[in-house]
1. Which distance in nm do the two modelled labels at B:Ala40 and A:Asp82 give, with both placed 7 Å along the Cα-to-Cβ direction?
2. Within the accessible area of chain B, what % is carbon and sulfur when the probe is 1.4 Å and the other protein chains stay in place?
3. Of all the accessible heavy-atom surface of chain A, with the other protein chains kept in place and a 1.4 Å probe, what percent is carbon and sulfur?
4. Interface B/A, total buried accessible area with a 1.4 Å probe, nearest 100 Å²?
5. When Lys and Arg each count +1 and Asp and Glu each count -1, what net charge do the other residues less than 13 Å away from B:Gln55, Cβ to Cβ, add up to?
6. Rounded, prolate or oblate: which fits segment A:24-67, taking a ≥ b ≥ c as square roots of the Cα gyration tensor eigenvalues, rounded meaning a/c under 1.5, else prolate when a/b beats b/c?
7. In terms of solvent-accessible area of protein heavy atoms at a 1.4 angstrom probe, what is the ranking of B:His5, A:His81, highest value first?
8. With every protein chain kept in place and ligands, DNA and RNA left out, what is the accessible area per residue of segment A:9-79? Probe 1.4 Å, answer in Å².
Amino acid sequence: ELKVEQNPLFLSMQEGKNYTIYCNYSTTSDRLYWYRQDPGKSLESLFVLLSNGAVKQEGRLMASLDTKARLSTLHITAAVHDLSATYFCAVDGYGGSQGNLIFGKGTKLSVKP
Amino acid sequence: SQTIHQWPATLVQPVGSPLSLECTVEGTSNPNLYWYRQAAGRGLQLLFYSVGIGQISSEVPQNLSASRPQDRQFILSSKKLLLSDSGFYLCAWEGRNSPLHFGNGTRLTVT
């Protein structure tokens, strides 16, 4: 059974600080996704990582994928309040284009002034 | 461009009442469609997925069912709601080598 574990589950940061969210998964997969969810809202896609060593950056967020270690990271640089949200990683459960995603429990990020 | 519509946005239903949530996708054909549920403060749980008309796969045995009467329509139903059915229900469609695209969700409260 594929398991996806995120840590930390809760993260309180000060503005301007850096931090990393980790996503470990338990079986072979080369497709990993990061989503953002604002309170009461749906999920918004942030990054799609499709191969080992993939790195993508958007603004203050950078995601990477190490398929050998079965690990993805979401790095936050110089956090700002607008980044406060819950971040989910998800792995393709069947490793194919018609697979389904297994989500981590999410990391609730709170950025304080 | 593709869009996904989900309704209603919020719903309050008594225990034992029926449920029907609808999701439609525009701008694409033969999409893979999904129903997820998110309980309060928790991650997402895949409920059903469909790769075509009339083709439904269930991931979790439960009080719910799904149907796909048309290519771009996906319906989540229940004959009798339970308190434990409360949650945030999200419909999604899948593009090739792209992330799932989620609808705005339906917040269901069973009282």
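The values are calculated or read from the model by the stated rules, or taken from the named source; none is laboratory data. Fair warning: this is a prediction, and the values are worked out from it, not measured in the lab. In this analysis, Cβ positions are derived from the backbone assuming ideal geometry, glycine residues included, and neighbour counts consider all displayed protein chains. The area values use the complete protein model at the heavy-atom level, side chains included, leaving out ligands, DNA and RNA. Shrake-Rupley method; radii C 1.70, N 1.55, O 1.52, S 1.80 Å.
1. About 3.2 nm separates the two model spin labels.
2. Result for chain B: 50 percent of the exposed heavy-atom area is carbon or sulfur.
3. The computed percentage sits at 48.
4. Approximately 1600 Å², summed over both chains.
5. 0
6. Taking the square roots of the gyration eigenvalues as a ≥ b ≥ c, segment A:24-67 is oblate.
7. A:His81, B:His5
8. I get 52 Å² per residue for this part.
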